[in-house]
Amino acid sequence: MLIVIAFVCGLLFDILWVACVDAVREKRPLKAANLSVMLYGLTLLATVLVVQQEVAAVVAYGAGNWIGTYFAVKHD
């Protein structure tokens, strides 16, 4: 279950990252700030996974990152 959660968080991280970059570029400070705090929460999970040496979950998080960026950029 932890691996699935890590994957989804990695996926969401990069989707939100692309949206945050767009909000900054569009000069929408409230949206950018809200997305930024969500990104912060998702990075906390990644940090905990690394500290606890959850290798499979870290790999799943990275795979989610890759897929999230791919689809966010493809659909933008």
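The values are calculated or read from the model by the stated rules, or taken from the named source; none is laboratory data. Computed from a predicted model, the values in this text were never measured in an experiment. Cβ sites come from the backbone with ideal geometry, for glycine too, and all protein chains shown count toward neighbours.
Taking the stretch 9-56 as the range and being in contact (Cβ under 8 Å) with a residue 12 or more places away in the chain, under 18 Å from LYS74 (Cα atoms) and aliphatic (A, V, I, L, M) as the test, the residues that pass are LEU11, LEU12, ILE15, LEU16, VAL18, ALA19, ALA23.
Take the residues of the stretch 39-62 that are closer than 10 Å to CYS9 by Cα and small (Gly, Ala, Ser): which is modelled with the lowest pLDDT? In this case the residue turns out to be ALA46.
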